[in-house]
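These notes are about the structure you will find just below.
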């Protein structure tokens, strides 16, 4: 009799676990299905300081992450939007963009990764001070 009761308890425990794992899988699948198109398009949201000067574009995402920026139509559009916030050509501006991070080609100099801008979300005046020493001769 004890064996029958023990077997019945074991059977109930196993079937209840299977039902829970199936419902958990359904819940996780529904969360993935609810992703928006922007979340699943492979682009990365980046916020940082942007500067374009003398044919070189750079995005500093934080103190240790610096990316070269692919020079294309979107980069020129971003630079045009940034001009209204600059007093000097070397000033940088705060930006929020969406783009694709790609490794730099082996035969080129620069930072190990580049960002290819796909969408410009926000451009504003930089909140940090530009620490540039200017030397002028008279």
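Rule-based calculations on the coordinates, nothing more; no lab input. Since this is a predicted model, take the numbers as computed values, not measurements. Positions of Cβ are backbone-derived with ideal geometry, glycine not excepted, and every protein chain shown enters the neighbour counts.
FRET efficiency for the pair residue 106 and residue 72, taken as 1/(1 + (r/R0)^6) with r the Cβ-Cβ distance and R0 = 22 Å, rounds to 0.60.
If R0 is 35 Å, the Cβ-Cβ spacing of residue 41 and residue 128 corresponds to a FRET efficiency of close to 0.70. The slack in the chain from residue 53 to residue 116, taken as 0.36 nm per residue of separation less the alpha-carbon distance, amounts to 21.0 nm.
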